[in-house]
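Presented below is the structure to which this report refers.
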Amino acid sequence: MRLFIAIYPPAEAIAHLSTRLAGLRLAAASAAGTNVRLVDPTKAHLTLAFVGEVDPARLAELRQVLSRTVAAARGGAAAQAPGGCDGSPVLRLGGGGRFGWGRSTVLWVDVRGDVARLGALAGAVRAGLTAAGFPATRSRSDRT
């Protein structure tokens, strides 16, 4: 099965994002039946690593690697996870924008706050997965 590792914003951030999206002309067009598609805001996430194909028999091992990495990121056991980072990042949704055109238009929301700590967490996740033999990368485009 193909996997990626992500964190999800808390419910209050999703509620705020949903309210903001409802105010966009695009959301109004979608509600009126125009052929636009908005992704369900509850599926919004920040991808930390793309893992790709993983044998289902290795899922328990992958969960253990992630548990150690998260514990290290929270300051629990920094020596247990390769590339460990201190503390959990405190983030907020910021501005946004779009790229692409027509059917390929993508709306994005900026992440602000402890982005350096978020980057350290993502790096620790990728390092931990790689050390355990999982081919973790930053993005799908890093795969060849």
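Residues of the range 103-114 that are exposed (fewer than 14 other Cβ atoms within 10 Å of the Cβ) and at pLDDT 85 or above: D110, R112, G113. Scanning the range 77-102 for residues that are in a loop (DSSP other than H, G, I, E, B) and at pLDDT 80 or above yields a single hit, V90.
Is it true that some residue in the range 46-65 is surrounded by fewer than 13 Cβ atoms within 10 Å (Cβ to Cβ), within 15 Å of L107 (Cα to Cα) and not basic (K, R)? No, there is no match, as no residue in the range 46-65 is surrounded by fewer than 13 Cβ atoms within 10 Å (Cβ to Cβ), within 15 Å of L107 (Cα to Cα) and not basic (K, R). Within the range 1-35, being surrounded by 15 or more Cβ atoms within 10 Å (Cβ to Cβ), in contact with a helix residue (DSSP H, G or I) (Cβ under 7 Å, 6 or more places away or on another chain) and not in a helix (DSSP H, G or I) holds for one residue alone: I5.
Against the test of being on the phi < 0 side of the Ramachandran plot and assigned to a loop (DSSP other than H, G, I, E, B), the options V39, V51 yield a single qualifying residue, V39. The residue that is modelled with the highest pLDDT, counting only those in the range 37-76 that are among the β-branched types (V, I, T) and closer than 30 Å to R25 by Cβ, is T47.
The values are calculated or read from the model by the stated rules, or taken from the named source; none is laboratory data. It should be emphasised that the depicted structure is a prediction, and the values quoted were computed from it without experimental measurement. Counting neighbours? That spans all protein chains shown, and the Cβs are built from the backbone with ideal geometry, glycine included.
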